[in-house]
Amino acid sequence: MHVLLIEDDIEAARFLIKGLCESGYTVDHAADGRAGLLRATEGQFDLIVTDRMLPQVDGLAIIEQLRGREIGTPVLVLSALGSVDDRIRGLKAGGDDYLTKPFAFAELLARIEALLRRPSAPHVTRLKVEDLEFDLLARRVTRAGRELELTARELKLLEFLMRRAGQVVTRTMLLEGVWDLHFDPQSNLIDVHISRLRQAIDRGSDHPLIHTVRGSGYVLRSDG
Amino acid sequence: MRLGLFNTTASRLSVGYTLLVTLAVGVTLGSAYLLTESLITDEVDLIIDSELASLEEKFARSGLAGVTDEINLRIDSWGRIGAVYMLADSSFERIAGNVTHWPFDGMPSEARPEFEIATIEPGRRAVHPVRAAVRTLPGGDLLLVGTDISQGRRFAAKFRVATLYGIGLSTLAAALAGFWFSYRLARRVEEVTRTCQRIMAGEWGRRLPLAGANDEFDALAASVNRVLDRLEEQAGTLRATFDSTAHDLRAPLHRLRTRLEALLWHSPPLEPAARESIESALREVDHLQRTLATLLQIALAESGAPLASPSAVDVGALAAELVELFEPVAGAQGVALDCRPESAAIVQGNRQLLAQLLTNLIENGLKYVPAGGRIEVAVRRLADSVRLTVSDNGPGIAAENRARAVQPFVRFGAGAKSEGSGLGLSLVAAIARLHRGRLELESNDPGLRVVVDLPA
């Protein structure tokens, strides 16, 4: 997977490049907006990670130019501007995700992964991971043929995880995706909700499906 | 607020204007009518007087026979043109003249009596009003001279009708002009009011329209627009200041976090103790960044900068969602968290900020309310606002401390755990203010009740 990183903060960039390379990505780096735009329009990338405030050409302007030239490469915006409106503006400009500095590298990695492996198509009506089945039309979930009683919110949470089966999903991604909240409450809300869901799904099973990834979040996958 | 057509200053003015026009036209035409009428009567009286004078003179010169001749002569020469003569004796018996019998019951009491006379005119019978005067001649005979006043009467009647039409039409014209004037005025004022409301609602780029008439309204609109330009410019400067402050503080924090995180990838792996302290330092950085974000948010709200891109938010539904989100955590603490939402409690606002407000209030409750306690979130629609109430039966805040509680970095009671930023209620107050709402801390007897009124 080929990632273009546009970041003028050299030290932060070096860290990101190192981390992404270790995670198996090929990374190109541009240190200012103009170089970044040039690289983005000429090269073939699977993903662009750009800082919001860049010398010469602003991050949002880069996205607008790319979208104007019908280049649909997913873009993740990194920003030191964290207010709600900045986020809205970033997404309106055509960004696919928005991450406020400072962030944990694991958060960035999970979001990159999510952007590269877009969730299964929306017209799918059944999701299946091992013996866990989710009938999206009837909103019915069975584990090994046995029907599970879940609340509407638990169903939404489970659908989010199953559509991204095998991917790490962070707490903030869950807050954004399931509850549409774009800020961090102080309490360990997500952990409590996941543990309830885990109780419902994995209790009495030899093969737990929901796993905690230390320092990152959660993943739903079939292997132990 | 929409202005009704009849409660504007302009329409009141135009009603007054119409009344004034009606009065002025009425007085003018009315006095012209009265003046004309008296002129006509005077003219008639003058003719009658001069006729009488000449007949009396004739009597003085030639006696009764002379007057009789003169009357007969005048009747012949004047024919039916309107002169009426009668000479009668003291018992009102006719001696001469063109009237068949004495028209009055004895001597008339008025100086200028009026009576009606019937004549046969070609093809029809007509009644003519006559104005007359009577003189007693030396010797006791009576001399009556009159004039047909039907023409004058007709003229007066026509004048009256014309006067009434004049008053009616000018009243109508004044009312129409007033209505049109006040309609135009009300429309322009309403346009200004509506634009101002939209600007207040967040369309900061909008300006008052200029009609191009170069009138006082355009001058007013231009002045208001200049004020708005200045405000927008200041908001922009403020925004840029906040942005650069945020950037200048977040960027080094990001580098700090990055360096710390890079240490964790060190190979060979660090000892567990070193790892532990790096992770603890990372948590501190995250806490610092959260406090910074909250402070910037508070400062931005307090600066009076407008709420960017507001949209319709159902506070009732939002409260229900957040209570559902927090319910497991509250349950784990042994605190009952209930919600009594009213549906379709819509306010114009920012969903994320309102969610943050609710989150802070619920988290605040969870921080202070002991196990076995209760937190209740209620949303109620009022006439023109939405009332959000978060009440608990925890220790509450003493009355004298309540005003201070919303100030930054103020914490109360032993229940306050140190990880709180002390900014929770300040941010709540700031978000409420940003939504032009009101925040009130009250006693819940026992406990704390936080009431937030948000204009709908």
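The values are calculated or read from the model by the stated rules, or taken from the named source; none is laboratory data. The shown structure was predicted, so the numbers you read here are calculated from the model rather than taken from an experiment. For neighbour counting, all protein chains shown are included, and Cβ atoms are generated from backbone atoms with ideal geometry for every residue, glycine included.
Structural remarks
- Among the residues examined, B:Pro269 qualifies as more than 19 Å from B:Pro306 (Cα to Cα), away from chain A (no Cβ under 11 Å) and loosely packed, with under 15 Cβ neighbours inside 10 Å.
- Residue, surrounded by the most Cβ atoms within 10 Å (Cβ to Cβ), within segment A:44-84, restricted to residues that are more than 20 Å from the chain's Cα centre (by Cα) and within 14 Å of chain B (Cβ to nearest Cβ): A:Leu54
- Any hit, segment B:161-175, residues being at pLDDT 85 or above, over 30 Å from B:Leu13 (Cβ atoms) and surrounded by fewer than 19 Cβ atoms within 10 Å (Cβ to Cβ): yes
- Restricted to segment A:83-178, the set of strands (runs of 3 or more DSSP E) holding at least 3 residues that are under 26 Å from A:Cys21 (Cβ atoms) comprises A:97-100.
- Filter result for B:Leu434 (within 14 Å of chain A (Cβ to nearest Cβ) and at pLDDT below 90): yes
- Among (1) closer than 22 Å to A:Val84 by Cβ; (2) out of contact with any helix residue (DSSP H, G or I) (no Cβ under 7 Å at 6 or more places or on another chain); (3) surrounded by fewer than 20 Cβ atoms within 10 Å (Cβ to Cβ); (4) free of Cβ contacts under 8 Å to residues at least 60 places away in the same chain, the one test that A:Glu113 misses: (1)
- All conditions in (1) out of contact with any Pro (no Cβ under 7 Å at 6 or more places or on another chain); (2) within 28 Å of B:Leu354 (Cα to Cα); (3) of a type in the set (Asp, Glu) hold for A:Asp58, with the sole exception of (2).
- Within segment A:45-65, the set of residues being at pLDDT 90 or above and more than 23 Å from A:Phe103 (Cβ to Cβ) comprises A:Glu64, A:Gln65.
- Looking only at residues of segment A:179-208 that are part of a loop (DSSP other than H, G, I, E, B) and more than 10 Å from chain B (Cβ to nearest Cβ), we find that the one that is modelled with the lowest pLDDT is A:Gly204.
- Odd one out for B:Ser223 among (1) over 40 Å from the mean Cα position of the chain (by Cα); (2) part of a helix (DSSP H, G or I); (3) more than 30 Å from B:Leu23 (Cα to Cα); (4) among the polar types (S, T, N, Q): (1)
- Applying a threshold of 6 Å to beta carbon distances and a minimum spacing of six or more residues, or different chains, the list of pairs starting in segment B:126-142 at a residue that is within 12 Å of B:Leu64 (Cβ to Cβ) and ending at one that is among the hydrophobic types (A, V, I, L, M, F, W, C) and outside any strand (DSSP E or B) reads B:Leu137/B:Phe59.
Each row is one residue, and each column tells you yes or no for (1) among the β-branched types (Val, Ile, Thr); (2) at the interface with another protein chain (Cβ under 10 Å from one of its Cβ atoms).
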position: B:Asn214; (1), (2): no, no
position: B:Ala219; (1), (2): no, no
position: B:Val227; (1), (2): yes, no
position: B:Pro252; (1), (2): no, yes
position: B:Leu263; (1), (2): no, no
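- Checking each residue in segment B:365-376 for being more than 10 Å from every other protein chain (Cβ to nearest Cβ) and surrounded by 19 or more Cβ atoms within 10 Å (Cβ to Cβ) picks out B:Gly365, B:Tyr368, B:Val369, B:Gly373, B:Ile375, B:Glu376.
- Residues located in segment B:295-339, provided they are within 30 Å of B:Arg230 (Cβ to Cβ) and part of a helix (DSSP H, G or I): B:Leu295, B:Leu296, B:Gln297, B:Ile298, B:Ala299, B:Leu300, B:Ala301, B:Glu302
- Residues that are closer than 14 Å to B:Leu425 by Cβ, polar (S, T, N, Q) and in contact (Cβ under 8 Å) with a residue 12 or more places away in the chain, drawn from segment B:361-402: B:Asn364
- When A:Glu133, A:Glu154 are checked against the criterion of being farther than 26 Å from A:Phe105 by Cβ, surrounded by 15 or more Cβ atoms within 10 Å (Cβ to Cβ) and more than 20 Å from the chain's Cα centre (by Cα), a single residue qualifies: A:Glu133.
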